[in-house]
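Let me begin by presenting the structure, written as structure tokens, before commenting on it.
Laboratory data are not the source of any read-out in this text; all were calculated from the coordinates shown. This is a predicted model, so every value here is computed, not measured.
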Amino acid sequence: MWDERTGPLRVALGLVRAQREGAAGLARRQDDRLAALVRQARAGSRYYARLYRDLPVDRVVLRDLPPVTKPELMASFDDWVTTRQ
């Protein structure tokens with residue numbers, strides 16, 4: 001679903017900026033998006049809030065994310081889902 005953050009014009013402008021900024025801009029965007037995903041996981045999931053509690057708030061490195069297995073997730077199903085309804 002489109003909203004004010006992901007509307008077609010905003011996506012197009014983001015693509016133009018990314019092309020203009022080159023590799024450094026792409027790396028920054030990747031870092032920002034990963035940090036946003038981790039923030040959302042922490043906010044919406046008790047499981048990920050515990051799992052990610054020692055990670056930095058804004059500068060997350062992908063290799064620092066702890067691996068998770070399906071059996072671990074299934075054992076904590078009620079804690080990791082982000083929509084509890």
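General remarks:
- Derived scalar couplings between HN and Hα for the stretch 7-18 equal x, x, 5, 5, 5, 4, 5, x, 5, 5, 4, 4 Hz in order, rounded to whole Hz, by the Karplus curve 6.51 cos²θ - 1.76 cosθ + 1.60 (θ = phi - 60°), x for Gly and Pro.
- Compactness relative to 2.2 N^0.38 Å, alpha carbon Rg of the chain: 1.33
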